[in-house]
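Take a look at the structure below.
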């Protein structure tokens, strides 16, 4: 039970300058690198996240459109079967 702490605890008092606008980046086995983002880098990261969200929602919308077409075709066949009097045997 004589483990040494792997990191250091930093207590930030109210009103002190903090590194809250920094981004945590994992660089491998147990190492964490903290980098300070400039306003332009923050803008680029935000734009990239928004682009990924847009692409995801676009693909998801496309999948729902395909399902909508399938539902309309199945519903059309059911309607025609009802008009023609076709029923399932019991």
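Since every read-out is calculated from the coordinates, none of them should be taken as a lab result. The model shown is predicted, which means the values in this text are computed figures rather than measured ones. Here Cβ is always computed from backbone atoms with ideal geometry, including for glycine, and neighbour counts include all displayed protein chains.
Things worth noting here:
- Residue 77 paired with residue 43, simple spin-label distance in nm, labels 7 Å along Cα-to-beta-carbon: 5.4 nm
- Sorted ascending by nearby beta carbons within 10 Å, beginning with the fewest, 88, 33 become 88, 33.
- Extension gain, residue 69 to residue 86: 0.36 nm times the residue separation minus the Cα-Cα distance gives 3.8 nm.
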